[in-house]
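Worksheet: one structure, shown below.
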Amino acid sequence: MAMDVRKNFHHELDVIRDDIVRMAGLVSEALARATRAFLDGDLTVADEILSGDDIIDTLALDVEERCYQLLALQQPMASDLRAITTAIRLTAEIERSGDLVVNIMKASRRIYGADINPKTRGLVERLGGQVHRLLRLSIDAYVDQDVGLASALDDMDDAVDELHVDFIESIFETHESGEMPLQVAVQLALVGRFYERIGDHAVNVGERVRYLCTGWLPEHTGAARQAARTAAKDAENADDLSPHWEGT
């Protein structure tokens with residue numbers, strides 16, 4: 001009986017993992033379509049992406065609820081507990097990425113018909129491509145439990161950050177020259193930020209994959225430093241309170 005319970009438990013974990021991957025696939029597809037729709041001014045695709053986010057939200061809620069049920073009804077061991085908590089965190093990271101894709105489409109609506117120069121358009125395309133690649137690789141790391149790939153995502157995100165800086169500079173230059181209205185410049189700057197944040201969420205996915213596989217999180221390093229500082233302070237205070245005898 002106990003063996004059947006554990007078997008069902010691990011089957012449910014596998015289903016949750018598959019649904020997370022499916023949700024990530026929907027977000028990844030939406031991101032690729034959003035970049036193209038933004039550049040083409042395609043409001044039909046924008047509306048489809050906005051509507052499609054409801055499916056992602058519904059799936060995210062369902063996965064999260066099933067994770068909580070497993071925590072409540074089972075007594076997961078350490079590795080299984082990490083799998084469940086990782087699933088909850090990944091669901092949030094992916095769902096938020098989907099929301100950011102929606103924000104890109106809302107911005108596209110606000111500046112519909114605006115003239116965007118070739119340099120800025122090219123940077124949008126490159127930024128969208130880099131972020132899309134980062135998102136896909138983060139999910140590959142999760143599926144394969146690839147610690148090496150998960151660890152490399154942070155460095156890969158540097159390319160996204162550099163493109164984001166170039167993009168913002170391009171917007172400022174175009175606006176200052178009088179070629180771009182302020183409203184368009186503001187919306188484009190927001191779009192750049194949305195892409196950059198999706199990249200950050202992909203890096204967060206990688207960090208949770210490392211936790212799943214090794215039990216390590218970046219916060220552990222900071223916590224260790226703080227513990228060392230606290231111990232040193234306590235030792236200093238203890239030394240100050242200890243009696244100091246003068247020689248006679």
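Taken together, the values in this text are just the output of simple stated rules run on the coordinates, not laboratory data. Note that this is a predicted model, so its numbers are computed, not measured. Here the Cβ positions follow ideal geometry from the backbone for every residue, glycine too, while neighbour counts run over all protein chains shown.
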Expected 222 nm ellipticity per residue - DSSP helices of 4 or more, -39500 (n - 2.57), all of the chain, to 500: -31500 deg cm²/dmol
In region 94-196, the chymotrypsin sites (Phe, Trp or Tyr not before Pro) that fall in loop regions by DSSP, at most 13 other Cβ within 10 Å: 112
Prolate/oblate/rounded call for region 1-88, Cα gyration tensor, a/c under 1.5 rounded: prolate
Residue range of the chain that is longest and free of GluC sites (Glu not before Pro) which are both DSSP loop and sparsely packed (at most 14 other C-beta within 10 Å): 1-178
Two-decimal Rg to Rh for the chain - Kirkwood Rh, Cα set: 1.15
Reachable aspartates and glutamates from residue 7, criterion Cα separation under 15 angstrom, eight or more residues apart if same chain: 80
Lys/Arg +1, Asp/Glu -1 at C-beta; the chain dipole; positive extreme among 160, 114, 209: 209
Signed unit charges on C-beta, dipole axis of the chain, positive-most listed residue 105, 172, 74: 74
Contact order normalised by residue count of the chain, Cα under 8 Å, 6+ apart, percent: 23
Net dipole in debye of region 2-217 [+1 Lys, Arg Cβ; -1 Asp, Glu Cβ; about Cα centre; nearest 20]: 280
Residues with amide H under 5 Å from that of residue 111, placed H, sequence gap 5 or more: none
Debye, to nearest 20: dipole size of region 147-205, +1 on Lys, Arg Cβ, -1 on Asp, Glu Cβ: 340
Inter-label distance for residue 40 and residue 115, nm, one decimal - labels placed 7 Å from Cα along Cα-to-Cβ: 2.3
Check: region 83-158 dipole with +1 on Lys, Arg Cβ and -1 on Asp, Glu Cβ, in debye: 560
